[in-house]
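The values are calculated or read from the model by the stated rules, or taken from the named source; none is laboratory data. All values derive from a computational prediction rather than experimental measurement. Using ideal geometry, Cβ is built from the backbone for each residue, glycine included, and neighbour counts are taken over all protein chains shown.
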Amino acid sequence: MPVVVDIRLRPWGHQHRKMNANADKVDKARAEERKNKGLETEVYCKSLYWPERGAFFSLPINCMGLGSGTCSSCNTVKDHNEKYNFTVNSSKTSFMYKETEYSVHDYIYVSPHRFAIERVGHETFKGGRNVGLKAFAICQLLEIVVPKAPKQPDNSSTEVKVRRFYRPEDISDAKAYCSDIREVYYSEVTHTLLVEAIEGRCEVRKKSDLPSCDAPTIYEHMFFCECLYDPHKGSLKQLPPNIKLRFSAAKGASDSFRKNKGKCIKGENDLGAEKSKENCLATLDIFAGCGGLSEGLQQSGTKSNGQWERGRT
């Protein structure tokens with residue numbers, strides 16, 4: 001059934017408010033009259049919502065109601081689906097999902113809600129509202145399980161076998177408070193999940209291969225692993241030599257740092273430290289229960305120059 005599209009343009013500005021309000025009253029009266037007569041309801045659209053970009057945009061009136069028999073929105077959805085097409089290679093060692101290639105032994109983010117709640121008694125402090133909020137779980141891709149023919153593999157039927165890496169906050173709040181935000185713990189726990197549970201890629205490196213603390217490491221999705229965690233016993237110990245963990249390959253600046261083994265020209269580090277102080281965010285930590293704010297900003301990669309002050313009562 002054809003749809004009649006009537007495009008209206010409204011003047012914008014405070015001086016047109018009264019005129020626009022009167023026009024709205026006329027439209028409401030007309031809609032009420034059509035309803036009383038039993039006619040079809042007329043609908044209107046004021047803006048375009050783009051969920052992938054999380055915003056509202058102006059209507060693309062240049063490609064609406066053209067009478068050409070084609071729908072620009074349908075074409076956009078088609079292009080989007082082709083762009084995010086899920087494919088598995090013939091050797092079943094890698095696949096493409098949401099424009100990202102994942103291979104066996106890669107490290108991935110998984111939604112934390114895919115795993116059962118393993119730690120009880122977790123509470124928020126000072127009336128916090130972060131109830132149920134958890135960071136992505138970190139896993140290593142071990143195997144790709146493709147459904148048997150004739151079913152075509154897709155992200156809702158293809159499964160992956162992963163190894164779970166635990167974060168410090170998965171163990172206890174006290175452990176999370178005193179641990180590096182980039183540290184994760186190896187475990188023998190494995191899970192089989194659907195591909196659609198994957199949220200993105202990350203890296204697990206040796207601690208010596210991580211970038212310097214001055215770099216915004218939190219945005220580079222890099223972690224390090226040195227310990228083994230047993231969730232059944234609750235034990236945490238140094239990673240045994242017999243476990244040959246396949247780390248992510250270090251690239252770029254980390255390679256040069258590793259080759260130089262930390263060597264540099266005298267005074268070079270001092271010059272870098274002076275430059276790092278430029279354009280820093282000035283912060284003030286008052287000892288009234290919020291100490292450590294500047295330290296947290298620095299660890300997250302934000303350049304800040306923190307000052308300290310003792311709170312008085």
Checklist entry - Considering Leu9, Leu66, which residue is under 30 Å from Lys83 (Cβ atoms), within 39 Å of the chain's Cα centre (by Cα) and not in a helix (DSSP H, G or I)? => result Leu66
Next on the checklist: Condition (residue is aliphatic (A, V, I, L, M), surrounded by 12 or more Cβ atoms within 10 Å (Cβ to Cβ), at pLDDT 80 or above and farther than 30 Å from Ser172 by Cα) applied to segment 76-92: is it met by at least one residue?
Outcome noted: yes
Item to check | Residue list for segment 15-61, filter: of a type in the set (D, E, K, R), closer than 30 Å to Asn75 by Cα and surrounded by 10 or more Cβ atoms within 10 Å (Cβ to Cβ) | outcome: Glu42
Checklist entry - For segment 136-186, list the strands (runs of 3 or more DSSP E) that sit wholly inside it and hold at least 2 residues that are at positive phi; which are they? => result none
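With the structure loaded, tell me whether Met64 is in contact with a helix residue (DSSP H, G or I) (Cβ under 8 Å, 6 or more places away or on another chain), surrounded by 10 or more Cβ atoms within 10 Å (Cβ to Cβ) and either in contact (Cβ under 8 Å) with a residue 12 or more places away in the chain or farther than 16 Å from Ile7 by Cβ (or both) or whether it fails that test.
When the stated conditions are applied, Met64 passes them.
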Next on the checklist: It is to be established whether one or more residues within segment 166-188 are surrounded by 14 or more Cβ atoms within 10 Å (Cβ to Cβ) and under 22 Å from Thr93 (Cα atoms).
Outcome noted: no
Next on the checklist: For segment 90-104, give me each residue that is of a type in the set (Lys, Arg) and under 25 Å from Asp79 (Cα atoms).
Outcome noted: Lys98
Item to check | Residue among Lys233, Lys237, Lys263 that alone is at pLDDT 85 or above and assigned to a loop (DSSP other than H, G, I, E, B) | outcome: Lys233
